[in-house]
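The values are calculated or read from the model by the stated rules, or taken from the named source; none is laboratory data. Everything numeric here is computed off the predicted structure, so don't read it as measured data. For neighbour counting, all protein chains shown are included, and Cβ atoms are generated from backbone atoms with ideal geometry for every residue, glycine included.
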């Protein structure tokens, strides 16, 4: 066995540095991508709860109820936006218009003024554990803030009562399983086309395919179709796993669910195909697929960190990721039974992303066919 030689180590290191400097992608990936990810996720990840949409049902309409609403707005935790008077209180939460509902019963000020114990009820969206857990930690502080501001009115202290809709026991599985479904499907879908098609570029078979009379769009659809079937099969297995093993309820329409899955899978398959067309190397395609697929679907989809907590720029940035839209569809259908009409914005987002990815892939394929 040769002795350790620093000169050999130096020579190997020098050669590797020269190789990196000759390969701009390696240099960018090694230095630029980590910097960008740390910057983006460092700003986007925020555990503080602020400006949560709060629907208010005020049945008292007194100075006390108005003072209570202004106190909640002053706290910065909630953002009251209107009085909700419909009988079905869960409808506003299932439609994603509010994260919580505050119900002020009639007689609040009267009972408080004569020393009768009073309370205000909060209904929380139990389908999202991260938000609920954060809000619960704020409730005791909010209760103290409310009673301090009302102390000069010599009224009986008000108690804030909480209930949870759609996930009454705040079971973690009901929150994590639908979210993990989105993350797993996104990674599997994007890697299916990114690696498989990139392998064809490396083997030279893709160039032969481009010489056939088939149009770029026909090639893309022919490539995507088998993987769409594989993706739908994966969805069926995941669905059965969620229902049978985790005993997860499903309150929505199965047709709406399958339609959302189809658009979501196609979007990530199209993204993987676009990556493979641009990169044409398996290693490079895998790196891009993991960077643009795993991290955004895990951190910028609402799976762990609420999108409402992110700065305005990142709130809009998440709209370019299919996982952001399908996360809403998946959780809403499993736990809330939301109608397809309330999910139209999410479906429109997925359709636009599909058109963008498949259109770009077709455009680049067309350029490859040009002499």
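The figures follow:
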{"item": "Residue in segment 226-245 that is touching a residue at least 24 places away in the same chain (Cβ under 8 Å), buried (at least 20 other Cβ atoms within 10 Å of the Cβ) and farther than 25 Å from residue 176 by Cα present", "result": "yes"}
{"item": "Total residues in segment 250-283, condition over 21 Å from residue 221 (Cα atoms) and crowded, with 24+ Cβ neighbours inside 10 Å", "result": "0"}
{"item": "Helices (runs of 4 or more DSSP H) lying entirely in segment 230-343 (those with 1 or more residues that are outside the structural domain of residue 198 (by TED's automatic domain parsing) and within 30 Å of residue 79 (Cβ to Cβ))", "result": "none"}
{"item": "Residue count for segment 284-320, restricted to those that are in contact with a helix residue (DSSP H, G or I) (Cβ under 7 Å, 6 or more places away or on another chain), over 30 Å from residue 196 (Cβ atoms) and in contact (Cβ under 8 Å) with a residue 24 or more places away in the chain", "result": "5"}
{"item": "Of all residues in segment 284-299 being surrounded by fewer than 24 Cβ atoms within 10 Å (Cβ to Cβ) and under 15 Å from the mean Cα position of the chain (by Cα), the one that is nearest to residue 321 (Cα to Cα)", "result": "296"}
{"item": "Residue ID - modelled with the highest pLDDT, chosen from residues in segment 100-125 that are in contact with a helix residue (DSSP H, G or I) (Cβ under 6 Å, 6 or more places away or on another chain) and closer than 29 Å to residue 306 by Cβ", "result": "104"}
{"item": "Any hit, segment 321-335, residues being surrounded by fewer than 21 Cβ atoms within 10 Å (Cβ to Cβ), out of contact with any strand residue (DSSP E or B) (no Cβ under 7 Å at 6 or more places or on another chain), more than 17 Å from residue 308 (Cα to Cα) and in contact (Cβ under 8 Å) with a residue 12 or more places away in the chain", "result": "no"}
